[in-house]
Each structure stands twice: as C-alpha cells, then as structure tokens.
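The values are calculated or read from the model by the stated rules, or taken from the named source; none is laboratory data. Just so you know, these numbers come straight off a predicted model, no measurement behind them. Using ideal geometry, Cβ is built from the backbone for each residue, glycine included, and neighbour counts are taken over all protein chains shown. Quick note on the areas: whole protein, heavy atoms, side chains included, nothing else; ligands and nucleic acids left out. Shrake-Rupley method; radii C 1.70, N 1.55, O 1.52, S 1.80 Å.
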Amino acid sequence: MTRPYHLPRNAWQIVAGREMVVKLADKSFIISTVITLVLIAAGVGVGAWLGGRATTTDIAVTDAQAGRVVVVVDASLKASNDKSSATPITVASPDEAKAKVRAGDADAALLHTDAGWQLVFHKSASDSVRMAVNQAVQTVLIGDLASQAGVSPDELAQRTAVKVELLEGDSSRADLARVTSFAFAILFFMSALTFGLQIAQSVAEEKSSRVVEILASAIPVRHLLAGKVIGNTGLALGQMALYALVSIVGLMLTPWKKFLPAVQAPMAWFLVFFLAGFLALACVWAAAGSMAGRTEDLSATTTPLTMGLGLVYFLGFTATGALQTVLSFVPVISSVLMPTRIVAGDVAWWEPVLALVLNIAFAFVTVLFGEKIFRRSLLQTSGRLSYREAFKLTD
Amino acid sequence: MLEIHELTRSFGDRLAVDHVSFQVPPGQLTGFVGANGAGKTTTMRMVMGLLAPTSGSVTWQGAPIVDEVRRGIGYMPEERGLYPKQQVLDQLVHMARLRGMPAGAARAEATELLGAFGLGERTKDKLEKLSLGNQQRVQVTAALMASPMALILDEPFSGLDPMAVDEMADQLRARAASGVPVLFSSHQLDLVDRLCDGLVILAGGRVVAQGTRTELESRGRLLHRLVTDSDAGWVRDLAGVTVVDVDGNRALLELAKPGLVDRVLAEAMARGSVRELAEVRPTLSEIYREVAA
C-alpha cells in the first residue's frame, strides 16, 4: 500500500517554526526582551534629557563692554550645546542688577567694579557659566587691547586659535568607538549565550523526553538540526535588529544624532557579523545539547562554549592596538571587534570583508563538526557524553 | 509485508540482538514478546533506522527498506516521547506535518482520534497535565496519524487500565483490518494471547518461537483432563499414556498419540461415570516459559 503523504521538503521550516513559536510564547523570553528594550530606551532617553535640556542664562549687565562679554559667553555655550544660550539684560545700576538676581529675573549679574570684574549669583554659582565668563572676559579684553594695537579681531582669532590634532582618528570618534565596542560586546555575549543555550536546551529536552526518536524516525536528522539552528538564529537576529532599531530611533531624538551616520554602518556590519558569529557556534551548541542526556548535564557540555564566549566578551572591550587589529580577523571575536574598528574609522574596505569570509569559512567547519556530533550522539541514551566520546561515535 | 532478516546488533562485546528473523504480515496484529533485555526495543529501533544493525537487513514489500518508507511508519518508542509542555492538539499537528500531512487535515484527524479516545475535551491541555494513561493515548494517537503504512509500537499497553486497553486494541485491530501490518511489543502475556494473530518470542536476543497462536500451541504439550466419579489411579496402567498428575478422581494426562483419547474414554466409562474429558491447551505463559527457558 502507498501513503498519501510524503516527507515535506520544508521539514526544517516546520521545525524552525515550532522553535520560534515556542520561544515567542515563552513568558520569560518576552519579559527579558521588553526589559532590555526599556533599558535601552531609558538609557537613550536619560541621555537625551540631560543633553537636550534648553538652558538659558540671563545675565544682568550695566555697560556695553559687559554686554559684549555676555555675547561671547553665549557663543561659547552654544558651541558646546546648541540648546544653551546666554542673554544680556542691560540695567541702570549694579544695585538694580543684584536686585534682579535676587528676584530671580536674572541668573547672574556681570559687574564692572573698581577691583575688576565681579560675577554675582543668587545662591549657587554655575561652573559652566563661571568658566565661560572667565574666558569671555579675557577674549573681550585682549580683543580691545589688540584693536588698540592695530591688530584686527580676525587676525587675533587666527593667531590665538589652538587646533587639536590627533595623529590617529579623532577624539570624539575614539570615545564613540569605546562606547560602541562595549555595547557590541555586551549584546553579542548576551544574545549568543541566550540563544545558544536555547538551542542546546531545546535539543537536550527533546532528547530527555525521547521525542527525538519520533522526530528522527519522521524526518532526516539534518532537517531537525537545520530547523533548530535557523529558528533560533532568526529569533536572535530579530531581537538584535529590534534593539538596534530602538537605539537608532532613540539616538535620533538626542543631540548625539550627529553621530548617527558614524554608527549606522557599523551597526549594519554588526548585524551581519553577529549572524556569521552566531552561526559559527550554533551547530556546536546543538552538538552540546545532543551530548547531554538531560538538561542537568548541559552546564558540563556547554562549558567550552560559555568560556569561549566569555573570552570574546572580555577581549571585545579590552583589546587595543595591534592585538585588536589581529583579533578583528579571528572568527567569532571579529563579530565584536571588526564593527568596533569600523566605528573608529580606521579600516580599509577589504578588512571587514576578509573577516567575514574567515568567519563564514569557520562556520562551515563548525557546522560539519556540530552536525556530525549531533547526528551521532542524538540517539545515544547512555547518559552524558564528552566531546572526545561523541567524536569517536559511529552511526 | 515487513520482513526482518538475520538482524544482529552488538554493543561492545554484548550481543543484544542475535540473527533475528521474522515477518510482520499485513492485516494482522503481531505480538513481540520477551523479558526485559531480550532485545525487543533494540530490534524495533533498528527497524526504524534509529540504530544501525551490525548485520542483517529489513525489507518492505520484498525490497530493502528505504528512509521514505520508514518515515511512513507510525512509531511509538519505548520511553514515549512528546513535548510535555505543549498543548496536546498542537503537538499532534506538528508531528503529522513533519510526516507530510497538511496542517488543516492534521488538525481534523487529531481531533477525531482524540475524540475516539475520549480526550475530546483535553485537546488544549498541556500534555504534562494529563494522567499517564491519557498521555499514553496521545502517544498512540501520534503514531496512528498521517496514514501510517505500518505500525511499530513499543509497549503500547503498559500503564493502561482494562477499559483503555480495550479501546486501544479496537483501534489497532481496525488498523490491521485495513491492511496495515502492526507489530507491538509487550510483556503482558495474557493481553498478547488475547489480541495477537501472530507471535514472535524473543529470549536473550534470539527468536525462540514464532508463528500463529495455533502453530505455537502445537509446539506445546497438548494434555487431557479426566474427571470421573471415583478414584482415577487406574490411568497409570494404560499403555501410551503419561500421567502428569493424579489427584483423587481427577487426572491430567499426556497421550502418546491423538487416537488414544477414545481408549481413555472407553476405559473410564467401563469403570464408572465420566464427568469430564477435555483437551487442555497450553497458555501462552506456559509456551513462553517453555521456549524461553
């Protein structure tokens, strides 16, 4: 007799679909994703609030020279934050100026006294205003003296300007690279660990509940492995893309949006590298799951993986200089370090491509290795296997 | 027809299955009997392709069995195996889809089969919420779905109450009647005795007996029980009659040839009234003990 049904060509899709549906219905997964999103949004939000607050400083003055000082103060405050400003309020006498400060109508008063300049605050002195005023007074006075000496303001500016030059990169990008490498390392570590363990756990559960015998008798083991790996990789990548999206949208709402062009490309690269780095380990996770007879054995069989990821995490934000450059080509570690180097802006176009090719080649090897162990140890029921034992098994 | 030829498997030095050969013909229930460790599960796993045989082969309709055929066999492993935390209906649909059934048809069939097993109300429950007996019903349902070409069930009746055994037996008989070869293992001999058309008895990794119920009975000793109204001690003197037991007016006899039964009856009637003279067929347990010893 013949059967009306045949092996579905998309058996791996059915397996992958189940992996995703089960995970998406898992309360702890939903909660942890939401918490991470809230943390990202909150981090960006707090930064935006701190950085984006409009601060207007009204400074009471009694003469034109003080007024010019306040205009320079305004310019220097705006240079550091475009929502900060300083406005001069011209009053008739020092007493009136102080009265305005006391009444809260002005934040400070800049007075010309016999002893020199005096900056009056009500109860507390603002450091940023004090420093800006100090500098502005000098600028204005030197300008006045220079014009008396026949030097034009432009010439003066040109002569007194000090340019900062870094031999490599520029300072704000270096800061940015440091922050993003930290973020990439944490995200990669968290996500690779979460979803890697998920793969191992789902394999070990099927093994311990013996459902694997039914699955293996119904579909080729390769489909089972592919379905698990692809399902969980899809989820991991989706979660990572969601985090990236929230970060980018958040950044757009903050003064840091000027860094967006510098961050977007590395984020895209990070997602690509994440995919390659995750795939490189996915089949090994599955193999670790298949070697554990019970979920309790998982911590032992996954130790090499968790230690490896710990190392990637550690090196991800401690490696610098030549070490960083070399490691940025090493598979899996490159998932963190190459995007970091892209943010810092010192990579040639071929470097990420080469790192990616190496990563994919490595993934190819681990897939073969993982599939072999997975296939052989999946139906072994005699407790936990070591990597050495698993590799010696025959079909 | 599913045929097993000289199937052998050793684990290290231990020979778990030793040149096992038997047939699972369509249209009947074949019972696979043996003590724990006799090699039943190992044999079934080799048939399913889950374990590679050391030597020997399995054929389906006369040709070596291929994966496409194996995937059409409804299989229930010894240690069960479904997702404890998934809803009953959902996982049956998942399993049937893996075996090529469209989701809609799978849902309809699972609902119908669960209904037949009295689980119509529990389709949305997680498997682990069900009693062990009900989990077993779900497990068998998984094997019965997606039009299996054959059924290989490892201990499908263990843990079931008598009512559930009857339900399950009806289901299996119906499948067998539709032409599906059914092989199931059990160590509940009375049950196998009642249900099976064919029997394979395994001991120490070897097939020690196989055939239909009648064929196996003929291998056992056929005895006759005689009950008279007076002392039956005289049977000891009859030629060609071996006395297994005599107790007052009752005797259990083994006759050298079938025709002797008339002589025994004539002798007994000559000595008085005969209350009973009957054939005593060996029970399966007796045959089993005899061949497995």
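Take the Cβ-Cβ distance between A:Phe364 and A:Tyr387 as r, set R0 to 22 Å, and report the resulting FRET efficiency rounded to the nearest 0.05.
Rounded to the nearest 0.05, the efficiency is 0.70.
HN-Hα J couplings of segment B:164-179 from phi, Karplus 6.51/-1.76/1.60, θ = phi - 60°, integer Hz, Gly and Pro as x?
5, 4, 4, 4, 5, 4, 4, 4, 5, 5, 4, 5, 4, 4, 7, x
Measuring from centroid to centroid over Cα atoms, what is the spacing of segment A:254-309 and segment A:202-246 in Å?
15
Which whole-number percentage describes the relative contact order of segment B:2-218, with Cα contacts under 8 Å and a sequence gap of 6 or more?
32
At a Förster distance of 25 Å, what's the computed FRET efficiency of A:Asp105 paired with A:Gln135, Cβ-Cβ distance as r, to 0.05?
Calculated value: 0.50.
Return the subset of A:Lys23/B:Lys124; A:Lys78/A:Lys258; B:Lys40/B:Lys126; A:Lys372/B:Lys85; A:Lys207/A:Lys228; A:Lys78/A:Lys257 for which the Cα-Cα distance in this structure is over 23 Å, preserving the input order.
B:Lys40/B:Lys126; A:Lys372/B:Lys85
Kindly identify residues of segment A:214-242 having a loss of at least 40 Å² in accessible area between the isolated chain and the assembly of all protein chains, probe radius 1.4 Å.
Buried by 40 Å² or more upon assembly, which counts only protein chains, are A:Ile214, A:Leu215, A:Ser217, A:Ala218.
Taking 0.36 nm per residue of sequence separation and subtracting the Cα-Cα distance, how much length would be gained by fully extending the chain between B:Thr111 and B:Trp234, in nm to one decimal?
Going from the current span to full extension adds 37.7 nm.
I'd like the carbon and sulfur percentage of the solvent accessible area for chain A, probe radius 1.4 Å, heavy atoms only, ligands and nucleic acids excluded.
Result for chain A: 64 percent of the exposed heavy-atom area is carbon or sulfur.
Scale the Cα Rg of segment A:54-160 by the rule-of-thumb value 2.2 N^0.38 Å and send over the ratio, two decimals.
Cα-based Rg divided by the globular estimate yields 1.08.
Could you report the buried accessible area between B and A, both sides summed, computed with a 1.4 Å probe and given in Å² to the nearest 100?
Roughly 2800 Å² of accessible surface disappears when B and A pair.
Based on the Cβ-Cβ distance of A:Val179 and A:Leu24, what FRET efficiency does E = 1/(1 + (r/R0)^6) give at R0 = 30 Å, to the nearest 0.05?
E between A:Val179 and A:Leu24, to the nearest 0.05, is 0.45.
Enumerate the residues in segment B:173-197 having an amide nitrogen under 19 Å from the point lying 7 Å beyond the Cα of B:Thr283 toward its Cβ.
Within reach of a label on B:Thr283, which here means backbone N under 19 Å from a point 7 Å along Cα→Cβ, segment B:173-197 contributes B:186-197.
Using the scaling law 2.2 N^0.38 Å as the reference, what is the normalised Cα Rg of the protein assembly as shown?
1.60
Determine the sum of side-chain charges near A:Ser152: Lys and Arg each +1, Asp and Glu each -1, restricted to other residues whose C-beta is under 13 angstrom from that of A:Ser152.
Charge balance in the 13 Å sphere: -2.
Could you give me the ³J(HN,Hα) list for segment A:361-367, computed from phi with Karplus coefficients 6.51, -1.76, 1.60 and θ = phi - 60°, whole Hz, x at Gly and Pro?
Once rounded to whole Hz, the list reads 4, 5, 4, 4, 5, 5, 5.
Give me, ordered by chain and number, the residues 5 or more places off B:Leu202 or on other chains with an amide H under 5 Å from its own placed amide H.
Under 5 Å from the amide H of B:Leu202: B:Val33, B:Gly34, B:Val208.
Cross-link candidates for B:Lys129: which aspartates and glutamates have Cα within less than 16 Å, leaving aside residues fewer than 8 places away along the same chain?
B:Asp90, B:Glu121
Distance between the C-alpha centers of segment B:115-187 and segment B:199-227? Whole Å please.
Taking the Cα centre of each part, segment B:115-187 and segment B:199-227 sit 28 Å apart.
On a 0 to 90° scale, report how tilted helix B:88-98 is relative to the longest principal axis of chain B, with both axes built from alpha carbons and the result rounded to the nearest 10.
It works out to around 80 degrees.
What does the charge add up to near A:Ala97, with Lys and Arg as +1, Asp and Glu as -1, over the other residues with Cβ less than 14 Å from its Cβ?
After counting each charged neighbour, the total is -3.
For the residue pair A:Ala64 and B:Leu132, what label-to-label distance in nm results when each label sits 7 Å from Cα along the Cα-to-beta-carbon direction?
Label at A:Ala64, label at B:Leu132, 10.3 nm between them.
Roughly to the nearest percent, how much of the accessible area of segment B:220-292 is carbon and sulfur, given a 1.4 Å probe?
Its accessible area is 47 percent carbon and sulfur atoms.
Cα axis of helix B:132-144 to longest principal axis of chain B: angle in degrees, 0 to 90, nearest 10?
On a 0 to 90 degree scale, this one is about 80.
Percent relative contact order of chain A, based on C-alpha pairs within less than 8 angstrom and at least six residues apart?
The normalised contact order for chain A reaches 20 percent.
For every helix of n ≥ 4 consecutive DSSP H residues, a contribution of -39,500 (n - 2.57) applies; sum these over chain A, divide by its total residues, and give [θ] at 222 nm rounded to the nearest 500 deg cm²/dmol.
-24000 deg cm²/dmol
Over the Cα atoms of chain A, each weighted equally, I'd like the Debye log10 I(q)/I(0) at q = 0.10, 0.13 Å⁻¹, rounded to two decimals.
Result of the Debye calculation: -0.78, -1.06.
At 7 Å along Cα-to-Cβ for each site, give me the label-to-label distance between B:Lys257 and A:Trp350 in nm.
Placing both labels 7 Å beyond Cα along the Cβ direction yields 10.1 nm.
Using the heavy atoms of the protein chains and a 1.4 angstrom probe, tell me the accessible area per residue for segment B:141-293 in square angstrom.
Value returned for segment B:141-293: 47 Å² of accessible area per residue.
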